[in-house]
Amino acid sequence: LHVPTAPTSASDMLLELVEGEKITSVMSLYNDRAEILQVSITVDSPIVGIPLSTLGPTLPQEILIGVIYTRGRIFIAGGTHILKPQDECLIIASPKHRALLQKIL
């Protein structure tokens, strides 16, 4: 169980200012070996309209789209789901892939 602390909340606010509104929250896991990122899919994202079954094999193994919040509903990400602008996702990833995620979101 991870409980966000005040520094984590402050860093989340700074992250949102620095990286725009794509990555809105980050939680570190396993001594910084993994992160849970809350992301917003933008209208100009290159992954909009691509089924996860097609997108998944093109991403590094250390990136997992786990949960998608779209149109007021929450889904466990599955291969048939197609990301749309304004979808919110929880992604588990290695910190080394943050730059890649910033490019594709």
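No value in this document is a laboratory result; all are computed from the given coordinates. What you are looking at is a predicted structure, and each value in this text was computed from that prediction instead of being measured.
Assorted remarks:
- From phi via Karplus (6.51, -1.76, 1.60), per-residue ³J(HN,Hα) for segment 80-92 in Hz, x at Gly/Pro: 8, 6, 10, 5, 10, x, 6, 5, 10, 10, 9, 10, 9
- Taking 0.36 nm per residue of separation and subtracting the current Cα-Cα distance, fully stretching the chain between GLN38 and ILE76 would add 12.3 nm.
- Annotation: amide H of ALA34 within the under-5 Å range of LEU29, sequence separation 5 or more or interchain, hydrogens built in the peptide plane.
- Computed lengthening from ILE50 to ALA99, 0.36 nm per intervening residue step minus Cα-Cα distance: 15.6 nm
- Table column - 3J(HN,Hα) (Hz), segment 63-75, Karplus curve with 6.51, -1.76, 1.60, x for Gly and Pro: 10, 10, 7, x, 9, 10, 10, 9, 6, x, 10, 10, 10
- Using θ = phi - 60° and Karplus 6.51 cos²θ - 1.76 cosθ + 1.60, couplings along segment 97-105 (whole Hz; Gly, Pro as x): 9, 4, 4, 4, 4, 4, 5, 8, 8
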